[in-house]
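What follows is one structure encoded as structure tokens, with my remarks underneath.
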Amino acid sequence: MNLGTFSVSLSVKDLEVSKAFYETLGVTQFGGDPDHGYVVMKNGAHLIGLYHGMFDGNMLTFNPGWDQSAQPVDGFDDIRDIEAKLVAGGIEIATPCVDGDGAAHCIFSDPDGNVVMLDQHVPRLQGSKT
């Protein structure tokens, strides 16, 4: 199963302070909007999302249908199909996808309580294998 591009999503206390910290490491703003409480930082193929006030704790994030530059890819595994495989494998989904063909997300935890989010921005019909 192809989960798409990977990033770490960090819940931060002060967006500007955190952004400045990662900039000292050579990570630059790639996307997002500080006025909306988040920025996406990039260094090479590595992505770090900084989020203020959007969620508690940190998350591992996968984006089915996107590459590391947030560009749509052809032939991706749709999030609803991935979720069905996870459920069939015994993984409990805390926030399930909404039915349909549009963008969607689901959230679950690994055995150690680390939160994982699958966040698909590309509609199913824009290149999904299914």
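The values are calculated or read from the model by the stated rules, or taken from the named source; none is laboratory data. Here the structure is a predicted model, which is why all the values come from computation and not from measurement. Note that each Cβ is placed from the backbone with ideal geometry, even for glycine, and that neighbours are counted across all protein chains shown.
Scanning the range 64-78 for residues that are closer than 18 Å to S7 by Cα and out of contact with any helix residue (DSSP H, G or I) (no Cβ under 8 Å at 6 or more places or on another chain) yields a total of 9.
A single member of I107, I91, I79 is surrounded by 13 or more Cβ atoms within 10 Å (Cβ to Cβ), farther than 28 Å from E23 by Cβ and over 14 Å from the mean Cα position of the chain (by Cα), and it is I91. Within the range 47-63, the residues that satisfy the criterion of being modelled with pLDDT of 95 or more and either over 16 Å from S7 (Cβ atoms) or part of a loop (DSSP other than H, G, I, E, B) (or both) are H52, N58.
Of everything in the range 49-76 that is among the polar types (S, T, N, Q) and exposed (fewer than 13 other Cβ atoms within 10 Å of the Cβ), the residue that is nearest to V8 (Cα to Cα) is S69. Reported count of residues in the range 77-106, each being under 20 Å from S9 (Cβ atoms) and touching a residue at least 40 places away in the same chain (Cβ under 8 Å), is 2. For the range 8-29, the candidate set comprises residues that are free of Cβ contacts under 8 Å to residues at least 24 places away in the same chain and assigned to a strand (DSSP E or B); within that set, the residue that is surrounded by the most Cβ atoms within 10 Å (Cβ to Cβ) is Q29. Test L118 against the stated conditions and say whether it is crowded, with 18+ Cβ neighbours inside 10 Å and touching a residue at least 60 places away in the same chain (Cβ under 8 Å). For L118, the condition - crowded, with 18+ Cβ neighbours inside 10 Å and touching a residue at least 60 places away in the same chain (Cβ under 8 Å) - is met.
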